[in-house]
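A quick write-up on the structure given underneath.
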Amino acid sequence: MSKVNTVHDVVVKTASGEDRPLSKYAGKVLLIVNVASYCGYTPQYKGLEELNAKYKEKGLEVLGFPCNDFGAQEPGGLDEIKKFCESLYGVNFELFDKVSAKGDNKHPLYEKLTQQASTQEDVAWNFEKFLVNKKGQVVGRFKSNVAPDSPELVAAIEKELAAR
């Protein structure tokens with residue numbers, strides 16, 4: 001596996017199966033979240049969409065990566081996941097192809113996120129959030145129980161959006 005220097009060097013699959021280099025988001029602040037439809041934290045979709053709506057024009061991109069690693073809480077296919085998110089939570093932020101966030105099949109994105117975060121252990125559960133600055137560097141890691149509207153997460157997002 002090749003080494004990458006920033007999150008921008010990673011290529012992910014879109015929900016439609018196309019390769020997308022995260023360098024497409026250079027100059028944007030990213031909030032990357034491993035999501036699941038059948039988790040106790042699933043209602044966080046609403047808060048994530050609220051962040052997306054409030055800050056998208058200011059340069060935030062919320063990126064959701066469905067993940068079935070934790071309690072098999074994301075068993076469905078992408079069409080089913082997208083329909084669920086749109087109909088129940090009004091999700092407009094981008095959802096990508098399913099990934100593994102831990103273990104032997106960990107996606108290169110999650111390799112990079114966990115390597116660059118201040119705490120380098122594997123993702124522990126669904127809805128863990130990684131904040132990535134405009135240069136593609138991980139600048140924050142927020143556990144699943146940190147709600148999207150929590151003061152600490154909102155402050156970190158606003159700080160990165162204000163940075164040059």
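The values are calculated or read from the model by the stated rules, or taken from the named source; none is laboratory data. What you see is a predicted model; the values in this text were computed from it and never measured. Glycine also receives a Cβ, built like all others from the backbone with ideal geometry; neighbour counts cover every protein chain displayed.
The table for this structure:
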read-out	value
Test: residue in region 115-130 that is farther than 16 Å from TYR25 by Cα, among the acidic types (Asp, Glu) and modelled with pLDDT of 95 or more	yes
From the options LYS46, LYS106, LYS54, residue that is more than 18 Å from ALA147 (Cβ to Cβ) and basic (Lys, Arg)	LYS106
Cβ pairs under 9 Å, 6+ apart, first in region 23-47 and within 18 Å of ALA156 (Cα to Cα) and without any contact (Cβ under 8 Å) to a residue 12 or more places away in the chain, second polar (S, T, N, Q) and surrounded by 24 or more Cβ atoms within 10 Å (Cβ to Cβ)	none
Region 88-112 residues that are in contact (Cβ under 8 Å) with a residue 12 or more places away in the chain, paired with ones that are polar (S, T, N, Q) and part of a loop (DSSP other than H, G, I, E, B) (beta carbon under 7 Å, 6 or more apart)	LYS98/ASN68; LYS106/SER100; HIS107/SER100
Residues that are touching a Pro at 6+ places or on another chain (Cβ under 7 Å) and of a type in the set (A, V, I, L, M), drawn from region 87-138	LEU95
Identity of the residue in region 4-55, among the polar types (S, T, N, Q) and part of a helix (DSSP H, G or I), that ends up farthest from GLY76 (Cα to Cα)	SER23
Check on SER100, modelled with pLDDT of 95 or more, among the polar types (S, T, N, Q), surrounded by fewer than 19 Cβ atoms within 10 Å (Cβ to Cβ) and under 20 Å from GLU18 (Cα atoms)	yes
Conditions (1) closer than 18 Å to GLY47 by Cβ; (2) modelled with pLDDT of 95 or more; (3) not hydrophobic (A, V, I, L, M, F, W, C): number failed by GLU86	(2)
Test set (1) free of Cβ contacts under 8 Å to residues at least 40 places away in the same chain; (2) surrounded by fewer than 16 Cβ atoms within 10 Å (Cβ to Cβ) - ARG141 fails condition number	(2)
